[in-house]
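This report concerns only the one structure given below.
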Amino acid sequence: MKVAVFSTKVYDKKFLEIANINQQYEFAFFDPHLNKDTAILAAGCPAVCIFVNDEADATTLETLAANGTSLLALRCAGFNNVDLKAAAKLCITVVRVPAYSPQSVAEHTIAMILCLNRKIHRAYNRVREGNFSLDGLMGFDMRDRTVGIIGTGKIGVIVSQILKGFGCKLLAYDVYRNPEVEALGAKYVELPELFANSDIISLHCPLMPETHHLINSDAIAQMKPGVMLINTSRGALINAKAVTRGLKSGKIGWLGLDVYEKESDLFFEDLSGTIIQDDVFLRLTTFHNVLITGHQAFFTEDAVSNIAETTLTNITEVLQGVSCVNEVKAEPKTLSQTSTISSPVA
Ligand code: NAD
């Protein structure tokens, strides 16, 4: 059975081939993203495997379906890049990897907070140039700082656990309360209260119409002066222009991004030596108090190995007609797929 793998990197190939040792899949590896122009490459492949920046919109899915694809296997958790209604209409089953390693993303989130706080990115460069001055490198103790966690699912809960270990106070916002987070002493509040009282705000909710540009000018205006904002979830949770204005005015004191709204033109590629055209992104890179990583929060050996194994298990289950717990259906969307939910937030 042939599986077309889009946006293939060396590590995807390596870990999928390892996971395939006891299976019989024939992979067709493609470097480009899946989109309406490249979908034809998958002709004759019943399964198509994609990642975060592939575009499975209605037109792309129509081309896939017309050429024999009936299964779309995401090797990631988020599925904001798939038109689920179109997939259902075309009888394309969509599966994902919901929890390959929430630790990997949570730990990267903490790495970003600590790096920005203690200015490790600046210290690294200074020391290499023989500059041992501490001017401008002062940080703050994490103990007793208030951290607002938006989205308390699998990743949000681990971030909360680690921060609890630092002695932070936790505020949380989610459309559902997570008892594990409440057990850590976190207080669920509405967004305005979280914005107004958090020294650090970390985003861990999915991207969907309700959360698109959740962090906009209005939200930033409600935040504490000098707030630290961290986004390791999805780029479009943040309006990058509004955040840039917040950085220029000093309202935002630190910004850590592992994701960016227009990242599909940039991330995962070596663009050194080319002229980057995205002025909004380039402006962000000019601030000394901004740390950007190129969607690498998931990138641990454990996570990439889990992704490959779960992806092949998902494909096998769907092919064998066994019910696949990782199937993503058009309705009722994200909330029903959240394993940690308990009672709705009032
Ligand atoms: P999850 O489904 O376990 O948790 C998401 C939480 O967000 C749930 O508790 C859900 O109730 C909540 N939520 C839903 N709608 C909300 C809203 N409107 N406002 C606030 N909260 C809302 O997902 P997870 O595994 O914790 O992953 C979180 C996000 O992290 C994913 O959606 C994905 O976009 C992102 N992610 C990023 C990377 C990376 O490498 N940077 C890797 C994996 C996942």
For the chain, what are the DSSP H helices with axial Cα length of 15 Å or more and mean Kyte-Doolittle hydropathy of at least -0.5?
-> 102-118, 154-166, 301-319
Work out, in µm²/s and without decimals, the Stokes-Einstein translational diffusion coefficient of the stretch 89-163 at 10 °C, 1.306 mPa s, Rh from Kirkwood over C-alpha pairs.
-> 103
What per residue convex hull volume, in Å³, do the alpha-carbon atoms of the stretch 102-292 yield?
-> 126
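With only alpha-carbon pairs counted, each pair once and no self-pairs, how large is the Kirkwood hydrodynamic radius of the chain in angstroms? Don't skip to the end; give the middle numbers.
On the way: mean 1/r = 0.0471 Å⁻¹.
Mean inverse Cα-Cα distance, inverted, gives 21.2 Å.
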In whole angstrom, the spacing between the Cα centers of the stretch 132-158 and the stretch 265-281 equals 28
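Rank these for me by crowding, GLU62, GLU331, GLU301, going from fewest to most other beta carbons within 10 Å. Don't skip to the answer; put the middle values down first.
Numbers: GLU62 17, GLU331 8, GLU301 11.
Exposure proxy ranking, most exposed first: GLU331, GLU301, GLU62.
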For the stretch 1-127, Rg(Cα) over 2.2 N^0.38 Å is 1.29
Here the net charge surrounding LEU163, from other residues whose Cβ is less than 10 Å away from its Cβ (Lys, Arg +1; Asp, Glu -1), is +3
Quick calc: nm separation of the 7 Å Cα→Cβ label points for ALA221 and HIS121 -> 2.8
Connecting every pair of Cα atoms under 10 Å apart in the chain and solving the GNM, the largest mean-square fluctuation among ASP279, ASP83, ASP57 falls on ASP279
Per GNM of the chain with C-alpha springs under 10 angstrom, the most fluctuating residue out of PHE140, PHE166, PHE79 is PHE140
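Read-outs throughout are calculated quantities, based only on the coordinates presented, and are distinct from any laboratory measurement. In this text, all values refer to a predicted model and were calculated from it rather than measured experimentally. Cβ: placed from backbone, ideal geometry, glycine included. Neighbour counts: every protein chain shown.
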